[in-house]
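Reviewing the structure listed below.
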Amino acid sequence: RGIDSNKIKVITNGSNLDLFVPRDKDRELLNQLGLKDKFILGYIGTHGMAHSLDFIISAISKIKDEKFHFLFVGDGAVKEKIVKLAADLGLKNVTFLDSVSKDEVPRFLSICDAMLAPLKKDDNFKTVIPSKIFEASAMQRPVLLGVEGQAKEILEAYGAGVCFEPENEKDFLEKLNILTDVGAYRQCQQGCERLAYDFDRKKLARNMIGVIKSILP
């Protein structure tokens with residue numbers, strides 16, 4: 001837009017390492033939801049029109065392996081639509097829960113083996129970095145990312161998860177299976193740890209203070 005790039009500094013979102021820390025699965029919650037011994041993929045957050053959750057639900061209907069279970073926690077513009085779609089498809093491997101407070105999110109994230117972070121296939125989203133990446137990484141939960149652009153570059157640079165082409169069902173199902181490989185999963189966890197450390201919000205805050213101080217008289 002005609003602004004000298006040297007005048008621009010970008011501070012991204014990051015990981016709250018006080019709230020989100022590695023922890024064992026919450027057994028009480030697992031038993032309560034009847035999800036013991038499942039490989040759980042979680043989506044925690046806004047169920048909005050941009051998140052392509054109808055695609056995810058449709059893709060889930062193609063999964064035959066009963067070890068997979070999908071947990072959706074939150075609310076939004078398409079919540080009612082995707083709940084109905086799952087019911088129409090007769091899905092037994094999906095659980096929908098209402099929104100929880102921010103302080104409760106780590107408990108629900110703990111029972112997930114991996115986290116979903118999808119968006120629609122649109123060039124407008126290539127500069128979007130979902131905060132879910134940072135929360136999941138802080139708890140060493142690999143991300144199954146359906147976003148192109150900057151988010152994909154970050155996730156792949158750290159090896160903190162697996163990326164699929166947005167709204168590509170075949171690619172989604174193939175990449176999902178990669179996460180069940182023990183060796184690949186552990187590598188992703190190590191990548192998560194590195195990503196969370198580098199994107200620690202306290203570090204980013206100090207960087208921002210440094211930028212502000214650098215332009216003061």
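The values are calculated or read from the model by the stated rules, or taken from the named source; none is laboratory data. Since the structure is predicted, the reported quantities are computational estimates derived from the model, not experimental observations. Cβ placement follows ideal geometry from the backbone for every residue including glycine, while neighbour counts extend to all protein chains displayed. Ligands, DNA and RNA are stripped out before the accessible areas are found, and what is left, the full protein with its side chains, is counted by its heavy atoms. Shrake-Rupley method; radii C 1.70, N 1.55, O 1.52, S 1.80 Å.
Within segment 96-103, is there a residue that is touching a Pro at 6+ places or on another chain (Cβ under 8 Å), touching a residue at least 24 places away in the same chain (Cβ under 8 Å) and open to solvent by 40 Å² or more (accessible area, probe 1.4 Å)? No, every residue in segment 96-103 fails to be touching a Pro at 6+ places or on another chain (Cβ under 8 Å), touching a residue at least 24 places away in the same chain (Cβ under 8 Å) and open to solvent by 40 Å² or more (accessible area, probe 1.4 Å).
Looking at L41, L109, just one residue is outside any helix (DSSP H, G or I), in contact (Cβ under 8 Å) with a residue 40 or more places away in the chain and either in contact with a Pro (Cβ under 6 Å, 6 or more places away or on another chain) or aliphatic (A, V, I, L, M) (or both), and that residue is L41. If we scan segment 65-81, do we find a residue that is β-branched (V, I, T) and either open to solvent by 50 Å² or more (accessible area, probe 1.4 Å) or at pLDDT below 95 (or both)? No, segment 65-81 contains no residue that is β-branched (V, I, T) and either open to solvent by 50 Å² or more (accessible area, probe 1.4 Å) or at pLDDT below 95 (or both).
Looking at segment 145-161, which of its residues are of a type in the set (A, V, I, L, M, F, W, C) and closer than 21 Å to D200 by Cα? Answer for segment 145-161, where residues must be of a type in the set (A, V, I, L, M, F, W, C) and closer than 21 Å to D200 by Cα: L145, A151, I154, L155, A157, A160. Hey, among the residues in segment 166-200 that are in contact with a strand residue (DSSP E or B) (Cβ under 6 Å, 6 or more places away or on another chain) and in a helix (DSSP H, G or I), which one's nearest to I56 (Cα to Cα)? It comes out as K175.
Within segment 146-178, the set of residues being open to solvent by less than 20 Å² (accessible area, probe 1.4 Å) and touching a residue at least 60 places away in the same chain (Cβ under 8 Å) comprises G146, P166, F172, L176. Note on segment 44-64: residues that are of a type outside the set (S, T, N, Q) and either assigned to a loop (DSSP other than H, G, I, E, B) or surrounded by fewer than 16 Cβ atoms within 10 Å (Cβ to Cβ) (or both) amount to 7.
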